[in-house]
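Here the structure comes first, spelled out in structure tokens, and everything after it is commentary.
The values are calculated or read from the model by the stated rules, or taken from the named source; none is laboratory data. From a predicted model like this one, the values you see are computed outputs, not experimental measurements. Every residue, glycine as well, gets a Cβ built from its backbone with ideal geometry; the counts of neighbours run over all protein chains shown. All accessible areas refer to the heavy atoms of the entire protein, side chains included, with ligands and DNA or RNA removed. Shrake-Rupley method; radii C 1.70, N 1.55, O 1.52, S 1.80 Å.
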Amino acid sequence: MSERPVLQPGPQHPITITPTGLRVTVRVNGAVVADTENALTLQEASYPAVQYLPLADVDAAVLTRSDTATYCPYKGEASYYDVAGVPDAIWTYEDPYPAVAAIAGRVAFYPDKADIVVG
């Protein structure tokens, strides 16, 4: 098996990670499943900004680890959780590449599977 490429953010594919500075609340099927004032905003190239929340600020009772795994050459191996019965609603990079190390221990919710409110 060939090794996966590891790419560095740069001018052609910038990635920035900054404190959100606002409360982030996430609902799945109408129920609050996460609430934090410690989110980080990751902006990658021209993609929409993503909120990364501390896993500790997500209700552990609604999480079930999924078998799904994906790979990003800029961030590393992603694993997934089902949330309150919604398949693969969040992803996490448990051991992200050094350029995005700040997202370790954090999760991001898919906006089409959760209602993410910033502010």
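Brief remarks follow.
- Rg to Rh, two decimals, where region 15-118 supplies the alpha carbon set and Rh follows Kirkwood: 0.93
- Under 5 Å, built H, 5+ apart or other chain: amide partners of Thr20: Ala39, Leu40, Thr41
- Label zone at Glu77 (point 7 Å along Cα-to-Cβ), backbone N below 12 Å, region 1-22: 4
- Close amide H partners of Ala78, meaning residues 5 or more places away or on another chain with modelled amide H under 5 Å apart, are Thr70, Tyr71, Cys72.
- Accessible surface of the chain, 1.4 Å probe, proportion on carbon and sulfur as whole %: 53
- In sequence order, calculated HN-Hα J values of region 80-97 (Karplus, 6.51, -1.76, 1.60; Hz; x Gly/Pro): 10, 10, 7, 10, 6, x, 8, x, 6, 6, 9, 10, 8, 10, 5, 9, x, 4
- Packing-based ranking of 78-90, 15-27 yields 78-90, 15-27, ordered from highest to lowest mean Cβ neighbour count within 10 Å.
- Evaluated with a Cβ-only charge set (Lys, Arg +1; Asp, Glu -1), the chain carries a dipole of roughly 200 debye about its Cα centre, given to the nearest 20.
- Per-residue 3J(HN,Hα) values for region 9-23, derived from phi via the Karplus relation 6.51 cos²θ - 1.76 cosθ + 1.60 with θ = phi - 60°, read x, x, x, 7, 8, x, 9, 10, 10, 9, x, 5, x, 9, 5 Hz in sequence order (x marks Gly and Pro).
- Label-point separation, Tyr47 to Val6 (7 Å along Cα→Cβ), nm: 1.9
- Theoretical FRET efficiency, 1/(1+(r/R0)^6), r = Cβ-Cβ of Arg23 and Asp67, R0 35 Å, to 0.05: 0.60
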